[in-house]
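Below is one structure, written out as structure tokens, with a few remarks after it.
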């Protein structure tokens with residue numbers, strides 16, 4: 001039994017070494033180019049300088065056929081309307097400040113610097129900056145994601 005196990009182990013190792021030693025070829029198109037708003041390096045200090053004096057701002061960083069990502073700065077007390085994405089999740093990374101998130105079917109919570117928050121598809125969400133300083137988030141979703149906003153009961157139909 002021990003000899004059979006050793007032979008089997010050697011055979012598996014030989015197969016693994018054989019696979020690792022193979023050359024793999026894959027087609028590669030023309031070299032990638034950065035098309036605005038994309039660039040190889042975005043410095044947060046530069047973005048803050050660009051938007052100095054503005055309490056609320058958005059800066060699109062990624063926008064292609066796959067993803068959309070942007071920095072969002074909001075003043076204390078600023079709040080987003082309740083919304084959802086019917087076909088995709090969305091997620092945020094809190095870069096600065098504190099943000100109170102209200103995700104449907106969850107108790108509200110406060111996320112601070114270094115937190116990642118995500119709202120699953122078909123889940124209502126909203127968020128509000130709490131505390132006495134602005135909050136900076138990086139918000140990401142797939143390209144072309146649809147956003148549906150909650151209609152208030154007393155709002156007229158459009």
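Among 41, 85, 51, 66, the order by Cβ neighbours within 10 angstrom, fewest to most, reads 41, 66, 51, 85. Quick one: plug the Kirkwood hydrodynamic radius of segment 16-112 (C-alpha pairs) into Stokes-Einstein at 25 °C, 0.890 mPa s, and report D in µm²/s. Once the numbers are plugged in, D ends up at 139 µm²/s.
Annotation: the residues 110, 94, 129, sorted from fewest to most other C-beta atoms within 10 Å of their own C-beta, follow the order 110, 94, 129.
First measure r as the distance between the Cβ atoms of residue 39 and residue 109, then evaluate 1/(1 + (r/R0)^6) with R0 = 41 Å and state the FRET efficiency to the nearest 0.05.
On the way: r = 34 Å, r/R0 = 0.83.
According to the calculation, E is roughly 0.75.
Among 126, 115, rank each residue by its count of other Cβ atoms within 10 Å, from fewest to most, as a rough exposure measure.
Values: 126 19, 115 16.
Result, fewest neighbours first: 115, 126.
Take the Cα of residue 87, step 7 Å toward its Cβ, do the same at residue 122, and the gap between the two points is 1.5 nm. Take the Cβ atoms of residue 30 and residue 60, set R0 to 30 Å, and the FRET efficiency comes out at 0.75. Between residue 75 and residue 22, the modelled labels are 6.2 nm apart [label points 7 Å from Cα along Cα→Cβ].
With R₀ fixed at 22 Å, the C-beta to C-beta distance from residue 50 to residue 95 puts the FRET efficiency at about 0.90. Distance from the alpha carbon centroid of segment 33-52 to that of segment 91-128 works out to 25 angstrom.
Each reported figure results from applying straightforward, stated rules to the coordinates on display, with no laboratory input. All of these numbers come straight from a predicted model, not from anything done at the bench. Positions of Cβ are generated from backbone atoms using ideal geometry, with glycine treated the same way; all protein chains shown enter the neighbour counts.
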